[in-house]
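> Sharing a structure, written as structure tokens. Questions coming.
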Amino acid sequence: MPPISDIFFYLFAAMTLFCGLMVVANPLSRNPVTSAIFLVLTIVSMSGLFVLLHAFFLAAVQILVYAGAVMVLFLFVIMLLDIKEEERRKFKVISSGIGALAVFGTAAIFLKSIGTTQWKGATPTIEGSTVALGKLLFDKFLLPFEIVSVLLLVAMIGVILLSRKELK
Amino acid sequence: MDSLLQHWNSLAPLTQSVVFSTLKVLGVLFLALLPMVAYSVLAERKISAFIQDRQGPNRASLPLLGSIPILGPLLTKLGIWQPLADGVKSILKEDFTPSYVRKAYFWLAPAITLIPAFMTVGVIPFGSTLGSQKMVIADLNVGILYTFGIVSLGVYGIVLAGYASNSKYPFLGGIRSTAQMISYELAMGMSVIPVFMIIGKLNLSDIITHQAQHGWMALPFMATQQTFASYLLWPCMIVSFGIFLVSAFAETNRLPFDLPESETELVAGYNTEYSSMKFALFFMGEYASMITASCMMVVLFFGGWSLPFFGLDQPATSIIGGLAHIAIFVAKILFFMVVFIWVRWMLPRFRYDQLMDLGWRRFIPVALANILVTAVVMYFVR
Amino acid sequence: MIVDRKPLSFWERMYLPSIWGGLKITSKHFYNTVFKGQTGGNTLSKGYYPETKWDVAEGYRGAPYLVKDQDGATKCVSCQLCEFVCPPKAIKITPPGADSQSADRKNAEKMPREFEINMLRCIFCGFCQEVCPEEAIFLQKDYSLTGLARGEMIFNKEKLLSLGGTSGGIQKWKHKLEEAKEQEVFPVETK
């Protein structure tokens with residue numbers, strides 16, 4: 001009987017992969033709302049993986065921000081715009097061939113890089129304390145932090161500008 | 001009894017803690033939370049009735065117990081047996097699924113509303129210790145983030161309920177409620193940051209022990225040792241508590257922010273297509289989230305299970321002390337539940353644009369300014 | 001008409017005076033109800049339903065029932081006007097066929113073979129009473145109708161007649177008989 005953290009890892013990893021697959025390739029329903037709900041489940045299982053890595057703050061913030069706010073807005077937009085299921089398009093050979101080539105190429109790169117990395121293979125020892133994270137954000141990684149906030153500001157201003165009504 | 005104790009002591013500590021955690025979860029859920037939900041429905045009906053010049057439920061009675069000489073009619077007049085009648089009615093009523101709903105989401109939505117409301121109770125310390133066991137199901141170091149995360153998951157139930165019902169009024173109610181809840185989540189989260197800045201930890205039990213020693217956040221004079229710093233920070237804490245209180249009303253869709261389920265406008269909002277047991281689940285979810293919001297307010301601003309006299313500000317060393325702490329906590333929660341119920345009939349409903357205006361354009365700037373002012377005051381005091 | 005909307009003062013915008021006012025009003029009502037017993041039931045109706053029943057006003061639209069005339073005969077002649085005017089289609093009349101028995105009274109050609117009102121569909125609008133040419137159906141003062149099954153709530157002719165009572169009304173057929181008797185030749189029997 002493997003240790004309980006291994007069981008949880010397999011459980012969460014399987015859930016993440018399954019729900020991620022269901023977002024894009026759901027054989028039962030092509031409803032966009034179903035895809036959004038599966039994406040929420042993917043995010044929740046990923047936060048479970050974060051907990052196993054002892055990054056409690058990241059896990060909680062993942063649920064709080066991603067699953068709780070971003071995905072709700074996604075669902076909101078899907079429902080408000082009444083996006084229906086897409087019609088099935090005709091199968092085109094050349095596009096599918098190029099797509100398959102891209103997928104297999106990316107998969108080959110991933111597998112090669114996973115195979116040649118030296119994994120440390122130990123359970124995490126540092127308890128991800130929130131105080132330490134806060135200190136890091138404000139002294140070693142201050143510039144990236146500020147740049148990310150400027151990025152968000154630019155996105156918001158762009159949205160407001162694009163959706164402004166013309167002043168008569 | 002002795003053999004049971006022997007068997008208990010022979011188990012590994014891991015098994016012991018797993019068994020006791022399961023007992024705690026089941027005990028809190030079925031012995032504390034569900035009866036509190038049922039009786040808070042009764043309390044709402046009685047208090048609303050008294051404010052509205054009428055009597056409320058006073059006729060439900062059990063066959064034998066109702067005829068005990070003086071106690072029977074008194075309890076019946078108080079309506080104590082009414083939640084039993086409501087439960088039996090919910091079980092026996094026809095649970096009707098209309099043909100035009102989206103069945104999977106229709107069935108999931110009440111469950112998705114109820115589960116986060118119950119999960120949040122897992123981190124709340126409703127007492128200090130009882131014997132040697134801590135009176136909190138999960139003593140997380142990021143307790144408050146867990147709480148806010150789970151509360152934000154509760155929005156999904158309402159979104160899906162409105163979407164699944166596939167008809168005008170529930171859809172409008174669901175969308176309105178979603179927008180309202182995500183707006184006030186922001187204000188709620190930002191308004192409690194000053195509390196954590198002062199205390200320095202995110203663990204809910206540590207918050208209570210800090211308040212037990214240095215004075216409650218909202219009432220700094222309830223302390224065993226008064227400090228000047230806590231009085232200086234009192235205005236910031238009042239602002240913080242005010243924003244949190246109003247945001248809690250908006251999060252639980254209670255008046256004056258109950259436009260998503262207003263009877264005069266939207267029939268019953270997202271509840272319209274639901275009957276009997278599923279409606280009962282929504283109803284229980286709403287009252288459970290009210291209880292959770294009251295718990296959060298008590299823990300963060302009113303000192304949790306502690307009182308500044310009779311030595312009740314230290315973690316309990318005896319069973320009596322442990323029980324006293326639990327009783328104090330429950331009394332404070334009941335006070336806030338009465339506040340929730342009272343405010344429902346005190347204030348008229350907010351119009352939707354006024355509601356969103358309040359959440360985004362008034363509360364968020366005030367909460368941000370509050371964080372800044374608290375930081376400045378703390379810098380000069382330390 | 002121009003409504004004068006003055007801009008709100010600072011304290012009104014802070015909303016705290018409204019909260020205080022609301023608190024005062026609700027506390028007063030709470031105190032009066034709990035400690036002085038001044039509930040709506042006690043002050044307006046001197047008691048609670050079902051111990052104290054209220055006085056039904058005249059013209060109250062309760063449940064519709066068929067009436068008999070002063071001689072005990074059915075007034076309804078199965079014209080089916082009420083059936084056609086009923087908005088929720090709660091009335092169902094089986095008219096007498098060509099060879100069924102005639103009415104149980106003089107000078108009326110027919111009466112309904114079966115007359116059913118589904119009390120669960122009735123919306124108590126009063127159109128049937130308004131449209132009836134024979135003054136045969138009236139909305140009376142019965143307001144609480146309960147039953148244990150859906151079939152129980154479909155009232156048939158006997159039940160409606162028994163609950164309706166007697167109402168002479170204009171007695172149009174009696175006057176028509178007297179007018180007919182004064183004619184030289186009249187085609188109807190005068191049994």
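> From largest to smallest, what semi-axes in whole angstrom does the stretch B:301-382 give when each is the square root of 5 times an eigenvalue of its alpha carbon gyration tensor?
Numbers: eigenvalues 239, 120, 12 Å².
Over the Cα atoms of the stretch B:301-382, the semi-axes work out to 35, 24, 8 Å.
> Over the alpha carbons of the protein assembly as shown, what is the largest minus smallest coordinate on each principal axis, giving the biggest first in Å?
Computed over the protein assembly as shown, the largest-to-smallest principal extents equal 123, 81, 78 Å.
> Now, a different point. Could you compute Rg(Cα) / (2.2 N^0.38 Å) for chain B, with N its residue count? If you can, show how the numbers build up before the last one.
Values: Rg = 22.2 Å, N = 382, 2.2 N^0.38 = 21.1 Å.
Dividing the Cα radius of gyration by 2.2 N^0.38 Å gives 1.06.
> Now a separate question. Kindly state, as a whole number, the per residue volume in cubic angstrom of the convex hull around the alpha carbon atoms of the stretch B:226-309.
Here the figure is 102 Å³ per residue.
> Write down the radius of gyration of the stretch A:129-168 and its Dmax, each obtained from C-alpha positions, in Å.
Gyration radius and largest Cα-Cα distance of the stretch A:129-168: 16.3, 54 Å.
> Quick one: of C:24/C:53; B:134/B:278; A:135/B:201; C:53/C:92, which pairs are farther than 23 Å apart, Cα to Cα?
C:24/C:53; B:134/B:278; C:53/C:92
> What are the extents of the Cα atoms of the stretch A:4-92 along their three principal axes, in Å, largest first?
Principal-axis extents of the Cα atoms in the stretch A:4-92, largest first: 46, 28, 20 Å.
> Inside 10 Å of the C-beta atoms of B:137-150, what's the mean count of C-beta atoms belonging to other chains?
Mean partner-chain Cβ count within 10 Å for B:137-150: 4.
> How are the alpha carbon pair distances in the stretch B:25-79 distributed across 5 Å bins from zero to the largest one, expressed in percent?
Taking every Cα pair in the stretch B:25-79, the percentages come to 5, 19, 18, 17, 19, 15, 6, 1, 0.
> Please sort B:152-163, A:15-26, B:299-310 by packing, taking for each peptide the average over its residues of neighbouring beta carbons within 10 angstrom, highest first.
Top to bottom by mean Cβ count within 10 Å: B:152-163, B:299-310, A:15-26.
> Ok, one more. How much FRET efficiency would the formula 1/(1 + (r/R0)^6) give for residue B:48 and residue B:103, where r is the Cβ-Cβ distance and R0 is 22 Å, rounded to 0.05? Kindly include the intermediate steps, with their values, before the conclusion.
Details: r = 35 Å, r/R0 = 1.59.
For R0 = 22 Å, the calculated efficiency reads 0.05.
> For the stretch A:4-92, what is the relative contact order in percent, using Cα pairs closer than 8 Å and at least 6 residues apart in sequence?
Here the relative contact order equals 31 percent.
> Continuing with the same structure: Over all alpha-carbon pairs in chain A, figure out the percentage whose distance exceeds 25 Å. It would help to have the intermediate numbers written out before the result.
Values: 8081 of 14028 pairs.
The calculated P(r) of chain A puts 58 percent of pairs beyond 25 Å.
> Would you mind checking C:68/C:141; A:165/B:168; C:110/C:172 for any pair whose Cα atoms are more than 20 angstrom apart?
Cα-Cα > 20 Å for A:165/B:168; rest within.
> Still on this structure: If I model a spin label at residue B:378 and residue A:13 as a point 7 Å from the Cα along the Cα→Cβ vector, what separation in nanometres do I get?
4.0
> Using Cα atoms only, what is the angle between the long axis of helix C:16-36 and the major principal axis of chain C, expressed in degrees (0 to 90) to the nearest 10?
With both axes taken from Cα atoms, the answer is about 60 degrees.
> So which cysteines in the protein assembly as shown don't have a second cysteine's C-beta under 4.7 Å from them?
Lone cysteines by the Cβ rule: A:19, B:236, B:295, C:76, C:79, C:86, C:122, C:125, C:132.
> Compute the distance in nm between two label points, each set 7 Å from the Cα along the Cα-to-Cβ direction, one at residue C:153 and one at residue C:171.
Result for the modelled spin labels: 3.9 nm.
> Dividing the convex hull volume of the Cα atoms of the stretch B:33-187 by its residue count, what figure in Å³ per residue is obtained?
So the per-residue Cα hull volume is 197 Å³.
> Now a separate question. What is chain C's relative contact order, in percent, from Cα pairs under 8 angstrom and six or more apart in sequence?
It rounds to 24 percent for chain C.
> P(r) of the stretch C:64-182 in 5 Å steps, Cα pairs, percent per bin?
Over the stretch C:64-182, the share of Cα pairs per 5 Å bin runs 2, 11, 21, 24, 19, 12, 6, 2, 1, 0, 0 percent.
> Please report, in debye to the nearest 20, how large the charge dipole of the stretch A:129-168 is about its Cα centre when each Lys and Arg carries +1 at its beta carbon and each Asp and Glu carries -1 there.
Using Cβ point charges on Lys, Arg, Asp and Glu, the stretch A:129-168 gives about 180 debye.
> What is the spin-label model distance, in nm, from residue C:181 to residue B:334 if the labels are put 7 Å beyond Cα along the C-beta direction?
In this crude spin-label approximation the distance works out to 8.2 nm.
> Kindly state, to the nearest 0.05, the FRET efficiency for residue B:68 paired with residue B:362, given R0 = 51 Å and r defined as their beta-carbon distance.
0.40
> Just how far, in whole angstrom, is the stretch C:1-77 from the stretch B:7-23 if you go by their alpha carbon centroids?
Spelled out, the Cα-based centre of one part sits 59 Å from the other.
> Which of the three applies to the stretch B:278-346, rounded, prolate or oblate, going by the alpha-carbon gyration tensor with a ≥ b ≥ c and a/c under 1.5 meaning rounded? If you can, show how the numbers build up before the last one.
Numbers: a/c = 3.16, a/b = 2.00, b/c = 1.58.
It is prolate, given that a/c is not under 1.5 and a/b is the larger ratio.
> Of C:125, B:10, A:110, which is farthest towards the positive pole of the protein assembly as shown's charge dipole, taken about the Cα centre with +1 and -1 on the beta-carbons of Lys, Arg and Asp, Glu respectively?
A:110
> While we're looking at this one, here's another question. Subtracting the Cα-Cα distance from 0.36 nm times the residue separation, let me have the gained length for residue A:150 to residue A:110 in nm, one decimal.
Between residue A:150 and residue A:110, full extension yields 11.2 nm more.
Any read-out appearing in this document is the output of simple, stated calculations on the displayed coordinates, not a laboratory observation. None of these values were measured; they are calculated from a predicted model. Methodologically, a virtual Cβ is constructed for each residue, glycine included, from the backbone with ideal geometry; neighbour enumeration extends over all protein chains shown.
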